[in-house]
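J.: Attaching a single structure in C-alpha coordinates format; questions to follow.
The values are calculated or read from the model by the stated rules, or taken from the named source; none is laboratory data. Given the structure is predicted, the values throughout are model-derived calculations rather than measurements. Virtual Cβ from ideal backbone geometry, glycine too; neighbours counted across all protein chains shown.
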(Lines give C-alpha, C1' and ligand atoms only; values in the text may rest on other atoms or scores of the structure.)
Protein backbone atom coordinates (compact mmCIF):
# COMPACT_ATOMS: atom_id res chain seq x y z
CA UNK A 1 0.00 0.00 0.00
CA UNK A 2 1.21 3.52 -0.82
CA UNK A 3 2.91 5.16 2.18
CA UNK A 4 0.78 8.31 1.87
CA UNK A 5 -2.36 6.21 2.02
CA UNK A 6 -1.10 4.47 5.15
CA UNK A 7 -0.31 7.80 6.83
CA UNK A 8 -3.73 9.18 5.89
CA UNK A 9 -5.43 6.15 7.40
CA UNK A 10 -3.45 6.64 10.62
CA UNK A 11 -4.35 10.33 10.76
CA UNK A 12 -8.04 9.61 10.22
CA UNK A 13 -8.01 6.97 12.97
CA UNK A 14 -6.43 9.38 15.45
CA UNK A 15 -8.90 12.14 14.58
CA UNK A 16 -11.82 9.76 15.04
CA UNK A 17 -10.43 8.65 18.39
CA UNK A 18 -9.99 12.27 19.50
CA UNK A 19 -13.57 13.04 18.45
CA UNK A 20 -14.81 10.07 20.48
CA UNK A 21 -13.02 11.39 23.56
CA UNK A 22 -14.45 14.89 23.04
CA UNK A 23 -17.96 13.39 23.01
CA UNK A 24 -17.26 11.73 26.34
CA UNK A 25 -16.64 8.30 24.87
CA UNK A 26 -13.78 5.85 25.28
CA UNK A 27 -11.22 4.35 22.93
CA UNK A 28 -8.92 1.36 23.10
CA UNK A 29 -5.22 2.16 22.82
CA UNK A 30 -2.89 -0.69 21.83
CA UNK A 31 0.79 -0.63 22.72
CA UNK A 32 3.75 -2.97 22.73
CA UNK A 33 2.48 -5.20 25.51
CA UNK A 34 -1.12 -4.35 26.32
CA UNK A 35 -4.40 -2.79 25.20
CA UNK A 36 -6.27 -0.47 27.57
CA UNK A 37 -9.51 1.51 27.50
CA UNK A 38 -9.04 5.27 27.76
CA UNK A 39 -11.49 8.06 28.58
CA UNK A 40 -11.04 11.72 29.43
CA UNK A 41 -10.70 12.55 33.13
CA UNK A 42 -12.29 15.92 32.41
CA UNK A 43 -15.48 14.22 31.16
CA UNK A 44 -15.53 11.19 33.48
CA UNK A 45 -18.80 10.15 35.10
CA UNK A 46 -19.53 7.55 37.75
CA UNK A 47 -21.15 5.37 35.07
CA UNK A 48 -18.05 5.52 32.85
CA UNK A 49 -15.84 4.81 35.86
CA UNK A 50 -17.87 1.71 36.61
CA UNK A 51 -17.52 0.60 32.97
CA UNK A 52 -13.73 0.97 33.15
CA UNK A 53 -13.74 -1.18 36.28
CA UNK A 54 -15.59 -4.00 34.52
CA UNK A 55 -13.42 -4.40 31.41
CA UNK A 56 -10.31 -5.68 33.20
CA UNK A 57 -9.30 -7.66 36.27
CA UNK A 58 -7.09 -4.73 37.27
CA UNK A 59 -8.57 -1.56 38.77
CA UNK A 60 -8.63 1.60 36.63
CA UNK A 61 -6.06 4.35 37.19
CA UNK A 62 -5.97 8.11 36.75
CA UNK A 63 -3.24 9.39 34.44
CA UNK A 64 -1.82 12.90 34.81
CA UNK A 65 1.02 14.74 33.12
CA UNK A 66 4.16 15.47 35.11
CA UNK A 67 3.23 19.16 35.39
CA UNK A 68 -0.27 18.53 36.73
CA UNK A 69 0.96 15.78 39.06
CA UNK A 70 3.57 18.15 40.44
CA UNK A 71 0.85 20.66 41.35
CA UNK A 72 -1.00 17.91 43.26
CA UNK A 73 2.24 16.85 45.01
CA UNK A 74 2.32 13.51 43.17
CA UNK A 75 5.69 12.14 42.07
CA UNK A 76 5.59 9.99 38.90
CA UNK A 77 7.46 6.70 39.12
CA UNK A 78 9.11 7.37 35.77
CA UNK A 79 8.71 9.45 32.64
CA UNK A 80 6.24 12.25 32.09
CA UNK A 81 3.06 10.47 33.23
CA UNK A 82 1.89 9.78 36.78
CA UNK A 83 -0.52 6.89 37.37
CA UNK A 84 -2.69 7.32 40.47
CA UNK A 85 -4.72 4.66 42.28
CA UNK A 86 -8.44 5.35 42.57
CA UNK A 87 -9.39 5.09 46.24
CA UNK A 88 -12.90 4.55 47.58
CA UNK A 89 -13.57 8.26 48.15
CA UNK A 90 -12.55 9.17 44.59
CA UNK A 91 -15.77 9.43 42.60
CA UNK A 92 -15.98 11.07 39.18
CA UNK A 93 -16.19 14.54 40.73
CA UNK A 94 -12.91 14.09 42.57
CA UNK A 95 -11.21 12.69 39.47
CA UNK A 96 -12.38 15.53 37.22
CA UNK A 97 -11.10 18.04 39.80
CA UNK A 98 -7.70 16.33 39.65
CA UNK A 99 -7.64 17.25 35.97
CA UNK A 100 -9.06 20.78 36.25
CA UNK A 101 -7.18 23.34 38.38
CA UNK A 102 -9.98 25.93 38.33
CA UNK A 103 -10.75 25.45 42.03
CA UNK A 104 -7.30 24.44 43.28
CA UNK A 105 -7.03 27.48 45.52
CA UNK A 106 -10.38 26.66 47.13
CA UNK A 107 -9.23 23.09 47.84
CA UNK A 108 -5.53 23.37 48.64
CA UNK A 109 -5.47 20.06 50.56
CA UNK A 110 -6.60 17.64 47.84
CA UNK A 111 -5.69 14.02 48.33
CA UNK A 112 -3.69 12.35 49.63
CA UNK A 113 -3.13 10.54 46.36
CA UNK A 114 -1.30 7.24 46.01
CA UNK A 115 0.91 6.53 43.02
CA UNK A 116 0.13 3.20 41.36
CA UNK A 117 2.72 0.43 41.82
CA UNK A 118 3.10 -0.03 38.04
CA UNK A 119 5.15 2.32 35.88
CA UNK A 120 3.38 4.02 32.94
CA UNK A 121 3.91 2.54 29.48
CA UNK A 122 3.51 3.75 25.92
CA UNK A 123 -0.28 3.29 26.01
CA UNK A 124 -0.62 5.65 28.97
CA UNK A 125 1.53 8.34 27.37
CA UNK A 126 -0.48 7.97 24.15
CA UNK A 127 -3.75 8.28 26.06
CA UNK A 128 -2.65 11.61 27.52
CA UNK A 129 -1.46 12.74 24.08
CA UNK A 130 -4.86 11.86 22.61
CA UNK A 131 -6.55 14.13 25.17
CA UNK A 132 -4.28 16.96 23.98
CA UNK A 133 -5.13 16.28 20.34
CA UNK A 134 -8.82 16.44 21.31
CA UNK A 135 -8.12 19.85 22.96
CA UNK A 136 -9.28 18.45 26.31
CA UNK A 137 -7.42 18.75 29.58
CA UNK A 138 -4.41 16.38 29.44
CA UNK A 139 -5.63 13.84 31.98
CA UNK A 140 -7.19 10.43 31.43
CA UNK A 141 -8.70 7.47 33.22
CA UNK A 142 -7.25 4.13 32.13
CA UNK A 143 -8.64 0.65 32.50
CA UNK A 144 -6.36 -2.27 33.21
CA UNK A 145 -5.29 -4.48 30.27
CA UNK A 146 -8.27 -5.61 28.19
CA UNK A 147 -8.38 -9.33 27.37
CA UNK A 148 -9.41 -10.25 23.80
CA UNK A 149 -9.33 -6.56 22.91
CA UNK A 150 -10.30 -7.00 19.24
CA UNK A 151 -13.39 -8.99 20.16
CA UNK A 152 -14.26 -6.50 22.91
CA UNK A 153 -13.91 -3.57 20.49
CA UNK A 154 -16.32 -5.15 18.01
CA UNK A 155 -18.87 -6.14 20.64
CA UNK A 156 -18.81 -2.67 22.22
CA UNK A 157 -18.48 -0.66 18.99
CA UNK A 158 -15.28 0.95 20.27
CA UNK A 159 -12.38 2.21 18.16
CA UNK A 160 -8.99 0.59 18.75
CA UNK A 161 -5.93 2.64 17.81
CA UNK A 162 -2.18 2.09 18.00
CA UNK A 163 -0.26 4.15 20.55
CA UNK A 164 2.46 4.90 17.98
CA UNK A 165 -0.10 6.46 15.60
CA UNK A 166 -1.13 8.87 18.36
CA UNK A 167 2.47 9.71 19.23
CA UNK A 168 3.33 10.41 15.57
CA UNK A 169 0.13 12.31 14.81
CA UNK A 170 1.36 15.92 15.01
CA UNK A 171 4.36 15.28 12.77
CA UNK A 172 2.41 13.18 10.26
CA UNK A 173 -0.35 15.81 10.15
CA UNK A 174 2.24 18.46 9.25
CA UNK A 175 4.07 16.31 6.69
CA UNK A 176 0.78 15.57 4.93
CA UNK A 177 -0.02 19.24 4.27
CA UNK A 178 -0.88 20.16 0.68
CA UNK A 179 -1.85 23.40 -1.03
CA UNK A 180 -5.62 23.26 -1.56
CA UNK A 181 -6.37 26.62 -3.13
CA UNK A 182 -5.31 30.26 -3.24
CA UNK A 183 -6.99 33.59 -3.91
CA UNK A 184 -6.25 37.31 -4.00
CA UNK A 185 -7.53 38.94 -0.79
CA UNK A 186 -6.82 42.70 -0.60
CA UNK A 187 -6.08 43.68 3.02
CA UNK A 188 -6.30 47.04 4.73
CA UNK A 189 -2.50 47.36 4.94
CA UNK A 190 -1.66 45.10 1.99
CA UNK A 191 -3.85 45.41 -1.09
CA UNK A 192 -1.58 43.03 -3.02
CA UNK A 193 -2.12 39.99 -0.81
CA UNK A 194 -2.81 36.36 -1.64
CA UNK A 195 -4.15 33.75 0.78
CA UNK A 196 -2.99 30.16 0.33
CA UNK A 197 -4.92 27.38 2.07
CA UNK A 198 -3.18 24.22 3.31
CA UNK A 199 -4.80 21.00 4.48
CA UNK A 200 -3.64 17.39 4.85
CA UNK A 201 -5.11 14.99 2.34
CA UNK A 202 -6.99 13.26 5.16
CA UNK A 203 -8.95 16.48 5.74
CA UNK A 204 -7.27 17.35 9.05
CA UNK A 205 -5.80 20.57 10.42
CA UNK A 206 -6.00 23.62 8.14
CA UNK A 207 -3.35 26.36 8.09
CA UNK A 208 -3.09 29.48 5.91
CA UNK A 209 -0.34 31.57 4.37
CA UNK A 210 -0.73 35.24 3.52
CA UNK A 211 1.67 36.24 0.75
CA UNK A 212 2.30 39.99 0.58
CA UNK A 213 3.43 41.04 -2.89
CA UNK A 214 5.48 38.52 -4.89
CA UNK A 215 8.57 37.67 -2.83
CA UNK A 216 11.42 36.12 -4.89
CA UNK A 217 12.52 32.58 -4.07
CA UNK A 218 16.24 33.08 -4.67
CA UNK A 219 16.81 35.19 -1.55
CA UNK A 220 15.66 35.09 2.10
CA UNK A 221 11.95 35.91 2.33
CA UNK A 222 10.61 38.08 5.15
CA UNK A 223 8.49 35.66 7.19
CA UNK A 224 6.29 35.75 10.27
CA UNK A 225 4.98 32.60 12.01
CA UNK A 226 1.73 33.61 13.71
CA UNK A 227 -0.35 31.24 15.83
CA UNK A 228 -4.05 32.00 15.57
CA UNK A 229 -5.47 33.96 18.50
CA UNK A 230 -9.24 34.37 18.43
CA UNK A 231 -9.27 36.81 21.34
CA UNK A 232 -6.38 38.95 20.13
CA UNK A 233 -6.64 38.75 16.34
CA UNK A 234 -10.42 39.01 16.03
CA UNK A 235 -11.69 40.60 19.25
CA UNK A 236 -8.79 42.95 19.91
CA UNK A 237 -8.05 41.54 23.37
CA UNK A 238 -5.70 43.64 25.48
CA UNK A 239 -4.43 40.61 27.43
CA UNK A 240 -1.88 39.76 24.72
CA UNK A 241 -0.06 41.48 21.85
CA UNK A 242 -1.18 39.03 19.15
CA UNK A 243 -3.47 41.37 17.25
CA UNK A 244 -0.80 44.04 17.12
CA UNK A 245 1.77 41.51 15.96
CA UNK A 246 -0.53 40.21 13.22
CA UNK A 247 -1.48 43.56 11.77
CA UNK A 248 1.96 45.02 12.41
CA UNK A 249 3.61 42.18 10.48
CA UNK A 250 1.35 42.68 7.46
CA UNK A 251 2.03 46.43 7.44
CA UNK A 252 5.78 45.92 7.86
CA UNK A 253 5.91 43.41 5.00
CA UNK A 254 4.12 45.86 2.74
CA UNK A 255 6.61 48.58 3.63
CA UNK A 256 9.54 46.24 2.93
CA UNK A 257 8.21 45.15 -0.45
CA UNK A 258 6.73 41.76 0.44
CA UNK A 259 6.78 38.76 2.72
CA UNK A 260 4.88 35.73 3.97
CA UNK A 261 2.77 35.44 7.10
CA UNK A 262 2.08 31.85 8.15
CA UNK A 263 -1.20 31.71 10.07
CA UNK A 264 -1.15 28.44 12.02
CA UNK A 265 -4.03 26.66 13.77
CA UNK A 266 -2.19 26.57 17.10
CA UNK A 267 -4.46 28.59 19.38
CA UNK A 268 -3.11 29.26 22.87
CA UNK A 269 0.39 27.98 22.06
CA UNK A 270 -1.18 24.74 20.91
CA UNK A 271 -3.62 24.03 23.77
CA UNK A 272 -6.80 25.30 22.08
CA UNK A 273 -9.15 28.19 22.79
CA UNK A 274 -11.12 26.64 25.66
CA UNK A 275 -7.96 25.65 27.49
CA UNK A 276 -6.53 29.11 26.82
CA UNK A 277 -9.57 30.60 28.53
CA UNK A 278 -8.95 28.23 31.43
CA UNK A 279 -5.40 29.56 31.57
CA UNK A 280 -6.77 33.11 31.61
CA UNK A 281 -8.94 32.13 34.60
CA UNK A 282 -5.82 30.98 36.42
CA UNK A 283 -4.03 34.18 35.47
CA UNK A 284 -6.88 36.09 37.12
CA UNK A 285 -5.97 34.14 40.28
CA UNK A 286 -2.41 35.46 40.08
CA UNK A 287 -0.53 32.83 38.09
CA UNK A 288 1.61 33.89 35.14
CA UNK A 289 1.26 32.47 31.62
CA UNK A 290 3.78 29.68 32.12
CA UNK A 291 2.45 28.60 35.51
CA UNK A 292 -1.14 28.67 34.24
CA UNK A 293 -0.39 26.33 31.31
CA UNK A 294 1.58 23.99 33.54
CA UNK A 295 -1.11 23.89 36.24
CA UNK A 296 -3.49 22.77 33.50
CA UNK A 297 -1.08 19.92 32.80
CA UNK A 298 0.40 21.25 29.58
CA UNK A 299 3.91 22.28 28.66
CA UNK A 300 4.44 26.03 28.69
CA UNK A 301 4.36 25.82 24.86
CA UNK A 302 2.86 22.83 23.01
CA UNK A 303 3.56 24.06 19.48
CA UNK A 304 5.69 22.40 16.82
CA UNK A 305 7.05 24.25 13.79
CA UNK A 306 6.97 21.49 11.18
CA UNK A 307 3.69 22.86 9.72
CA UNK A 308 5.35 26.24 9.09
CA UNK A 309 8.37 24.57 7.48
CA UNK A 310 6.23 22.38 5.24
CA UNK A 311 4.16 25.37 4.10
CA UNK A 312 7.28 27.30 3.14
CA UNK A 313 8.70 24.32 1.26
CA UNK A 314 5.44 23.70 -0.62
CA UNK A 315 5.52 27.33 -1.79
CA UNK A 316 9.16 27.03 -2.88
CA UNK A 317 10.89 28.91 -0.02
CA UNK A 318 13.75 27.47 2.03
CA UNK A 319 15.48 30.61 3.36
CA UNK A 320 13.84 33.25 5.56
CA UNK A 321 14.40 36.43 7.50
CA UNK A 322 12.21 35.67 10.50
CA UNK A 323 10.11 38.38 12.10
CA UNK A 324 9.98 37.22 15.73
CA UNK A 325 11.06 37.81 19.32
CA UNK A 326 10.98 34.08 20.08
CA UNK A 327 14.28 32.18 19.69
CA UNK A 328 12.34 28.88 19.76
CA UNK A 329 10.82 29.76 16.39
CA UNK A 330 14.28 30.24 14.92
CA UNK A 331 15.47 26.90 16.28
CA UNK A 332 12.20 25.23 15.33
CA UNK A 333 12.47 26.22 11.66
CA UNK A 334 16.17 25.37 11.48
CA UNK A 335 15.43 21.91 12.94
CA UNK A 336 13.01 21.45 10.02
CA UNK A 337 15.66 22.31 7.40
CA UNK A 338 14.62 25.93 6.82
CA UNK A 339 17.53 28.38 6.80
CA UNK A 340 16.99 31.41 9.03
CA UNK A 341 19.38 34.04 7.68
CA UNK A 342 18.30 36.76 10.07
CA UNK A 343 16.00 37.34 13.05
CA UNK A 344 14.15 40.65 12.96
CA UNK A 345 12.68 42.06 16.17
CA UNK A 346 8.89 42.43 16.24
CA UNK A 347 7.69 44.12 19.44
CA UNK A 348 5.06 46.67 20.44
CA UNK A 349 4.45 48.84 23.52
CA UNK A 350 2.70 47.15 26.44
CA UNK A 351 -0.54 48.24 28.06
CA UNK A 352 -1.82 47.88 31.61
CA UNK A 353 -3.49 44.55 30.75
CA UNK A 354 -0.59 42.78 29.00
CA UNK A 355 2.48 44.23 30.71
CA UNK A 356 2.85 41.26 33.09
CA UNK A 357 2.23 38.84 30.19
CA UNK A 358 5.03 40.42 28.14
CA UNK A 359 7.43 40.46 31.07
CA UNK A 360 6.70 36.77 31.63
CA UNK A 361 7.48 36.09 27.97
CA UNK A 362 10.82 37.77 28.45
CA UNK A 363 11.80 36.34 31.83
CA UNK A 364 10.46 32.80 31.65
CA UNK A 365 10.12 32.01 27.94
CA UNK A 366 13.28 33.75 26.72
CA UNK A 367 11.61 36.14 24.30
CA UNK A 368 13.92 38.92 23.19
CA UNK A 369 11.84 41.95 24.17
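J.: How many of the residues making up segment 130-178 are assigned to a strand (DSSP E or B) and closer than 19 Å to residue 3 by Cα?
T.: Going residue by residue through segment 130-178, those that are assigned to a strand (DSSP E or B) are 139-142, 160-162, 177-178.
Restricting the remaining residues to those that are closer than 19 Å to residue 3 by Cα gives 161-162, 177-178.
Residues in segment 130-178 being assigned to a strand (DSSP E or B) and closer than 19 Å to residue 3 by Cα: 4 in total.
J.: Let me ask something else. Go over the candidates 272, 297, 268, 258 one by one and state the one that is more than 18 Å from the chain's Cα centre (by Cα) and under 30 Å from residue 200 (Cα atoms). Can you show your working first?
T.: Working: 272 fails: more than 18 Å from the chain's Cα centre (by Cα); 297 fails: more than 18 Å from the chain's Cα centre (by Cα); 268 fails: more than 18 Å from the chain's Cα centre (by Cα).
Going through 272, 297, 268, 258 in turn, just one is more than 18 Å from the chain's Cα centre (by Cα) and under 30 Å from residue 200 (Cα atoms): 258.
J.: Follow-up. Mind telling me which of the residues 159, 136 ends up being within 25 Å of the chain's Cα centre (by Cα), surrounded by fewer than 21 Cβ atoms within 10 Å (Cβ to Cβ), under 15 Å from residue 17 (Cβ atoms) and in contact (Cβ under 8 Å) with a residue 12 or more places away in the chain? I'd like the intermediate steps shown before the answer.
T.: Details: 136 fails: surrounded by fewer than 21 Cβ atoms within 10 Å (Cβ to Cβ).
Sole residue among the options that is within 25 Å of the chain's Cα centre (by Cα), surrounded by fewer than 21 Cβ atoms within 10 Å (Cβ to Cβ), under 15 Å from residue 17 (Cβ atoms) and in contact (Cβ under 8 Å) with a residue 12 or more places away in the chain: 159.
J.: Then there is this: If you scan segment 249-278, which residues turn out to be in a loop (DSSP other than H, G, I, E, B), touching a strand residue (DSSP E or B) at 6+ places or on another chain (Cβ under 9 Å) and on the phi > 0 side of the Ramachandran plot? Give the derivation first.
T.: Just the residues of segment 249-278 that are in a loop (DSSP other than H, G, I, E, B), to begin with: 256-258, 265-266, 271-272.
Still in the list and also touching a strand residue (DSSP E or B) at 6+ places or on another chain (Cβ under 9 Å): 256-258, 265-266.
Of everything in segment 249-278, those that are in a loop (DSSP other than H, G, I, E, B), touching a strand residue (DSSP E or B) at 6+ places or on another chain (Cβ under 9 Å) and on the phi > 0 side of the Ramachandran plot turn out to be 257, 258.
J.: Something else now. Have a look at 330, 340, 320 and point out the one that is outside the structural domain of residue 69 (by TED's automatic domain parsing), in a strand (DSSP E or B) and either without any contact (Cβ under 8 Å) to a residue 40 or more places away in the chain or under 23 Å from residue 235 (Cα atoms) (or both). Before the answer, list the steps.
T.: Values: 330 fails: in a strand (DSSP E or B); 320 fails: either without any contact (Cβ under 8 Å) to a residue 40 or more places away in the chain or under 23 Å from residue 235 (Cα atoms) (or both).
The match here is 340.
J.: Here is a further query. For residue 200, only one of the following conditions fails: (1) over 16 Å from residue 321 (Cα atoms); (2) more than 26 Å from the chain's Cα centre (by Cα); (3) crowded, with 21+ Cβ neighbours inside 10 Å. What is its number?
T.: Among (1) over 16 Å from residue 321 (Cα atoms); (2) more than 26 Å from the chain's Cα centre (by Cα); (3) crowded, with 21+ Cβ neighbours inside 10 Å, the lone unmet condition for residue 200 is (2).
J.: Now for a separate question. Given the conditions (1) part of a loop (DSSP other than H, G, I, E, B); (2) without any contact (Cβ under 8 Å) to a residue 40 or more places away in the chain; (3) crowded, with 24+ Cβ neighbours inside 10 Å, which single one is not true for residue 297?
T.: Every condition holds for residue 297 apart from (2).
J.: Need the failing condition index for residue 219 against (1) buried (at least 21 other Cβ atoms within 10 Å of the Cβ); (2) farther than 18 Å from residue 329 by Cα, just the number.
T.: All conditions pass for residue 219, except number (1).
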